[in-house]
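> Below you'll find the structure I mean.
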Amino acid sequence: MEWFQKLQHDFYRNFIEDDRWKYLADGLVVTLQLTFCAVIIGILIGVLVAMIRSTYDKNFAEMRPGFGRVVLKILNAISKVYLTIIRGTPVVVQLLIMYYVIMASSNNKLLVGMIAFGVNSGAYVAEIVRSGIMSIDNGQFEAGRSLGFNYVQTMRYIIIPQAFKNVLPTLANEFIVLLKETSVAGYIAMQDLTKGGDIIRGVTFSAFMPLFAVALIYLIMVLFFTFLVNKLERRLRNSER
Amino acid sequence: MNDNTALIRVENLEKHFKQGAIKALDGINTEIKKGEVVVVIGPSGSGKSTFLRCLNLLEVPTGGHIYFDGVDITDIKTNINIHRQRMGMVFQHFNLFPHMTILKNMIIAPMKLQGKSEAEATELAMGLLKRVGLDDRANAYPSQLSGGQKQRIAIVRALCMQPEVMLFDEPTSALDPEMVGEVLEVMKQLAQENMTMVVVTHEMGFAREVGTRVMFMADGKQIEEGTPDEIFNHPKSERLQTFLAKVL
């Protein structure tokens with residue numbers, strides 16, 4: 001009984017008193033905003049880089065000399081440097097560099113965070129999508145081109161939808177990782193969910209409640225997201241009965 | 001355009017791999033007139049598929065010229081996409097889009113490329129589906145069809161763009177024997193409607209019966225060309241004679 005009362009007291013002190021739950025609620029909003037925008041940026045960069053890289057891998061050897069060939073070579077080189085740097089350095093370091101160096105003039109932390117996490121995620125998405133594109137039979141590509149679709153249209157209507165379906169589980173995993181990775185946003189003093197819990201801990205000097213609450217919220221979000229992806233996957237698979 | 005002019009003219013077509021070490025096509029010259037059914041035969045590795053794939057530039061030739069309706073499509077400045085819309089192609093492995101229904105497979109190109117409305121394209125597609133007896137499968141997905149059905153769909157998908165010439169790349173080679181007939185039947189119908197066709201095939205019966213002209217290829221060269229009667233009953237070259245002895 002005494003134990004239960006202590007728990008109740010802890011709960012009150014950590015979440016109810018002074019409306020401390022608001023740290024978690026506000027933090028959750030920031031985390032969701034950050035993740036959502038980073039996912040969008042990540043997909044945009046990822047699909048673009050994946051298209052450049054797979055176009056290069058598939059077609060460069062057979063391309064006729066000319067302007068397009070040179071542009072493709074340069075774009076491919078840029079993409080490769082981007083992938084190497086992003087995948088070869090820790091996300092926290094990238095976040096700090098983005099905040100203190102590249103976007104030092106901006107004091108919009110949310111924007112800095114979105115871009116830093118988006119650029120980071122883009123590199124991983126690019127490799128996932130590229131593997132998806134390369135897994136599509138070349139006959140699909142030829143069928144599209146033979147109907148008169150140009151390269152980009154063939155990608156858009158025929159290749160990418162199939163590639164996306166194939167890599168959906170891997171892609172979903174990447175976004176779950178991203179959701180959790182945004183927890184380092186506190187490094188640039190953003191008040192995300194993790195930071196919110198940590199602030200409560202700093203005020204109440206009790207670690208158990210706020211930190212486990214934070215962990216639980218992440219877990220619930222991940223479970224919910226996994227559920228949505230499973231549903232989507234099942235719907236997409238309908239065409240393969 | 002009158003019927004005597006060539007729809008496709010091929011001049012000195014060459015396709016070399018590995019800097020000329022492999023000559024898949026070694027100087028092909030031919031003309032394909034409107035309404036003709038040209039059947040290309042030859043042993044495997046003779047370059048017949050490469051020849052066909054060069055005609056719509058799926059394979060980029062390393063030398064020579066291809067004129068389609070008077071335009072040099074091998075010219076780097078030619079927008080090949082426009083011309084491909086007028087050339088249908090059917091593949092050995094069907095290459096239907098597995099993520100779309102049969103109907104969507106057929107209407108996507110006319111809608112996106114020719115600006116047809118969905119209703120217009122659907123009407124056209126349903127008409128074609130009825131002709132090949134598959135109108136009840138319009139909302140099925142490709143994986144739900146048999147090989148023969150898939151290939152018939154692939155043919156009408158190409159026809160949906162209302163092309164002026166149809167290219168067939170071994171359309172029956174990947175089919176179970178009992179399904180070959182239904183696909184050949186559709187192709188025969190098409191030939192009777194005066195569609196210009198170039199067909200790479202191992203079906204000698206089809207070549208003899210439907211072809212207006214037969215081209216025999218070996219080692220990247222056209223060895224003999226003539227009417228089915230000339231090719232099958234009076235073969236001149238030794239290469240063709242040995243080939244026919246093996247396949248007939």
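> From the list B:59, B:14, pick out the single residue that is touching a Ser or Thr at 6+ places or on another chain (Cβ under 6 Å), at pLDDT below 95 and part of a loop (DSSP other than H, G, I, E, B).
B:59
> Look through B:52, B:25, B:57 and report the one residue that is within 14 Å of another protein chain (Cβ to nearest Cβ), buried (at least 17 other Cβ atoms within 10 Å of the Cβ) and in contact with a strand residue (DSSP E or B) (Cβ under 7 Å, 6 or more places away or on another chain).
After ruling out the rest, the residue left standing is B:52.
> Moving on. Take region B:91-109 and flag every residue that is outside any loop (DSSP other than H, G, I, E, B) and either over 20 Å from the mean Cα position of the chain (by Cα) or more than 9 Å from chain A (Cβ to nearest Cβ) (or both).
If the condition is that a residue be outside any loop (DSSP other than H, G, I, E, B) and either over 20 Å from the mean Cα position of the chain (by Cα) or more than 9 Å from chain A (Cβ to nearest Cβ) (or both), then B:102, B:103, B:104, B:105, B:106, B:107, B:108 are the ones that fit.
> On to the next question. Restricting the search to region B:198-248, which residues are outside any helix (DSSP H, G or I), aliphatic (A, V, I, L, M) and out of contact with any strand residue (DSSP E or B) (no Cβ under 7 Å at 6 or more places or on another chain)?
B:218, B:248
> Of the numbered conditions (1) of a type outside the set (A, V, I, L, M); (2) crowded, with 17+ Cβ neighbours inside 10 Å; (3) away from chain A (no Cβ under 13 Å), residue B:117 fails exactly one; give the number of that condition.
Result: residue B:117 fails condition (2) only.
> Residue B:32 versus (1) more than 11 Å from chain A (Cβ to nearest Cβ); (2) surrounded by fewer than 21 Cβ atoms within 10 Å (Cβ to Cβ); (3) touching a Leu at 6+ places or on another chain (Cβ under 8 Å): which is the lone unmet condition?
Status for residue B:32: all satisfied but (2).
> Name, by its number, the condition in (1) away from every other protein chain (no Cβ under 12 Å); (2) surrounded by 22 or more Cβ atoms within 10 Å (Cβ to Cβ) that does not hold for residue B:157.
(1)
Conditions tested, residue by residue: (1) exposed (fewer than 15 other Cβ atoms within 10 Å of the Cβ); (2) under 17 Å from the mean Cα position of the chain (by Cα); (3) not hydroxyl-bearing (Ser, Thr, Tyr).
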residue	(1), (2), (3)
A:126	no, yes, yes
A:137	yes, no, yes
A:151	no, no, no
A:158	no, no, yes
A:163	no, no, yes
A:184	no, yes, yes
A:194	no, no, no
A:205	yes, no, yes
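> Find the helices (runs of 4 or more DSSP H) located wholly in region A:49-163 whose residues include 1 or more that are within 14 Å of chain B (Cβ to nearest Cβ) and under 30 Å from residue B:100 (Cα atoms), and list them.
A:109-135, A:138-147, A:151-154
> Of the residues A:75, A:96, which single one is farther than 16 Å from residue A:181 by Cα and either of a type in the set (Gly, Ala, Ser) or in contact (Cβ under 8 Å) with a residue 12 or more places away in the chain (or both)?
A:75
> Still on this structure, please answer the following. Does residue B:147 meet the test of being over 24 Å from residue A:139 (Cβ atoms) and surrounded by 18 or more Cβ atoms within 10 Å (Cβ to Cβ)?
Criteria not met by residue B:147.
> Can you tell which of A:182, A:170 is more than 13 Å from chain B (Cβ to nearest Cβ), within 28 Å of residue A:91 (Cα to Cα) and touching a Leu at 6+ places or on another chain (Cβ under 7 Å)?
A:182
> Among the residues of region B:73-84, how many are over 18 Å from residue B:169 (Cβ atoms) and either modelled with pLDDT of 95 or more or within 10 Å of chain A (Cβ to nearest Cβ) (or both)?
4
> Determine, yes or no, whether residue B:84 is buried (at least 20 other Cβ atoms within 10 Å of the Cβ) and among the charged types (D, E, K, R).
yes
The values are calculated or read from the model by the stated rules, or taken from the named source; none is laboratory data. Model, not experiment: these values are computed from the prediction. Every residue, glycine among them, receives a Cβ derived from its backbone with ideal geometry; neighbour counts consider all protein chains shown.
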